[in-house]
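Asker: One structure is given below, represented as structure tokens, and several questions about it will come after.
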Amino acid sequence: LIIIIISPKYYSTVTAPPVGQEQDERTFNTVYIHKQLQNEFIQNGSKNFRFIPILFPGAKRCHVPAWLQNTNVYSWPRDRDDILRRLMRVEKYNPPPIGDLPTIVSIPI
């Protein structure tokens, strides 16, 4: 599983055109990793198998990159328990046990 921390600064870094952007190593690494994640998402048929986007305080749903918009987005710290469950692969609700099969009685017509 890969946690993607979403903040306004992250969004502006990965969506800004490369021209005129502050060209430091951290920015290059952030954009490179973002592109790698996006490529994996596309190669998986636009299905999210590994990514957990988490909105940090100050970030809004509009800061989530377009390719992650259709997945479950968590907010920190509000969704802390749900995030931990997702990381531990534990379901929030356990399904009830399967009961006995119903008895089918056929009545001749």
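We did not get these values from a lab; they are worked out from the coordinates using the rules stated. Please read these numbers as outputs of a predicted model, since none were measured by experiment. Every residue, glycine among them, receives a Cβ derived from its backbone with ideal geometry; neighbour counts consider all protein chains shown.
Asker: Convert 10 °C to kelvin, take the viscosity as 1.306 mPa s, use the Kirkwood radius over C-alpha pairs of the chain as Rh, and evaluate the Stokes-Einstein diffusion coefficient in µm²/s, rounded to a whole number.
Answerer: Rounded to a whole number, D works out at 94 µm²/s.
Asker: With a cap of 11 neighbouring Cβ atoms within 10 Å, and only residues DSSP puts in a loop, list the GluC sites (Glu not before Pro) found in the stretch 1-73. Intermediate results must be reported in sequence, preceding the final value.
Answerer: Working: sites: Glu22, Glu25, Glu40; in loops: Glu22.
Passing both the DSSP loop test and the Cβ count: Glu22.
Asker: Just in the stretch 1-68: which chymotrypsin sites (Phe, Trp or Tyr not before Pro) are loop by DSSP and have at most 10 other Cβ atoms within 10 Å? Working shown, then result.
Answerer: Values: sites: Tyr10, Tyr11, Phe28, Tyr32, Phe41, Phe49, Phe51, Trp67; in loops: Phe49.
Passing both the DSSP loop test and the Cβ count: Phe49.
Asker: Mind sorting Ile104, Ile52 by how few other Cβ atoms lie within 10 Å of their own Cβ, fewest first? Write out the running numbers ahead of the final one.
Answerer: Working: Ile104 5, Ile52 19.
Placing the least packed residue first, the sequence is Ile104, Ile52.
Asker: Can you put Thr15, Thr27 in order of Cβ neighbours within 10 angstrom, beginning with the fewest?
Answerer: Numbers: Thr15 12, Thr27 15.
Least crowded to most crowded, the residues run Thr15, Thr27.
Asker: How many nm separate the modelled label positions at Leu84 and Thr71, each set 7 Å beyond the Cα in the direction of the Cβ?
Answerer: Placing both labels 7 Å beyond Cα along the Cβ direction yields 2.3 nm.
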